[in-house]
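Let me begin by presenting the structure, written as structure tokens, before commenting on it.
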Amino acid sequence: MQTNEFLITRQRVADFAVGSTINWSPTIKELDLFSLPFFFPDYKALDAVEAGEPGKSLFKTIEEKGVIGLGWGENDYREPTNSKRPVRKPEDLDGLKIRVVDSPIFIDTFRALGANPVSVNWAETLTALQQGTVDGQENPVLSIIIPYKLWEFNKNIPIRHYTIDPLILGVSKETWNSLDPKDREIVAKAAQEAMTWNKKEARKGLEGSTEAIDMLKSKGMEVVILTAAGKAF
């Protein structure tokens, strides 16, 4: 399971791993910071946290647990979709069965917004959407909504950036300690280059461009771009 990524890396069953902070948060509770709703209004705020003292502190905590953090990447902002109606205000979520990550913070967030959050394994989610067992789901546009063609099941998507989904490239501390200083330098540089590329790709068509949103519209999705006030509901 994805939630075992951190433990597997710490135990050196795997030397390296790229994991979502969502999946690592059961072990590193502090990583729930990134799942707080409406906490990161834009990419600038996120980058500042990751590159600043909070990010360094999180990597220190991770290291204390047996994994060295080499770089930040991301899956981008998560956006909710549904098959019932456009969402412009909290009341529009009332009663909607939304598939969410099996995490208390996600369940509590959608429950507070009036929806009916349902924990479903992602492998079963497409079937659940197709059969109407759930009305919608929440995931990043480029890594999930577009590749899985969710417009076939859900026609409504509000772009509200309600929470972000960072990635961490980590290496087992044991593996790291087995490398000589020169190799560590090479690995660290390659990791930074890889995660910089990852971030760029995760934001492609979403930052400084409407290409990704235009594609969703071309597929028949009703895209609601919420104002700053609307995003804060």
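With a Förster radius of 25 Å applied to the C-beta separation of D42 and E211, the computed FRET efficiency comes to 0.90.
Rg ratio for the stretch 75-144: its Cα radius of gyration over 2.2 N^0.38 Å, N being its residue count, equals 1.02.
Any chance you could give the angle, 0 to 90 degrees and rounded to 10, that helix 53-64 forms with the longest Cα principal axis of the chain? On a 0 to 90 degree scale, this one is about 60. Under 15 Å from the 7 Å Cα→Cβ point of T175, by amide nitrogen: which residues of the stretch 9-31? Those under the cut-off are 9-20. Give me the angle, in degrees from 0 to 90, between the Cα long axis of helix 122-131 and the longest principal axis of the Cα atoms of the chain, rounded to the nearest 10. That helix lies at roughly 10 degrees to the long axis. Evaluating 6.51 cos²θ - 1.76 cosθ + 1.60 at θ = phi - 60° for every residue in the stretch 73-78, the Karplus couplings come out as x, 6, 9, 5, 5, 8 Hz, glycine and proline recorded as x. Charged neighbours of N156, selected by a Cβ distance under 11 Å, balance to 0 (K, R count +1; D, E count -1).
Taking the Cβ of K60 as the center, what net charge do the other residues with Cβ under 13 Å away carry, scoring Lys and Arg +1 and Asp and Glu -1? Computed value for this residue: -1.
For the chain, averaging the sequence separation of C-alpha pairs within contact (under 8 Å, six or more residues apart) and dividing by the residue count gives a relative contact order of 30 percent. For the Cα trace of the chain, dividing Rg by the Kirkwood Rh returns an Rg/Rh value of 0.99. The eigenvalues of the Cα gyration tensor, multiplied by 5 and square-rooted, give the stretch 1-46 an equivalent ellipsoid with semi-axes of 25, 11, 7 Å from largest to smallest. Over the residues of the chain, the helix contribution to mean residue ellipticity at 222 nm works out to -11000 deg cm²/dmol, using -39500 (n - 2.57) for each DSSP H run of at least 4.
Read-outs: derived from the displayed coordinates by stated rules, not from any lab. None of these values were measured; they are calculated from a predicted model. Counting neighbours? That spans all protein chains shown, and the Cβs are built from the backbone with ideal geometry, glycine included.
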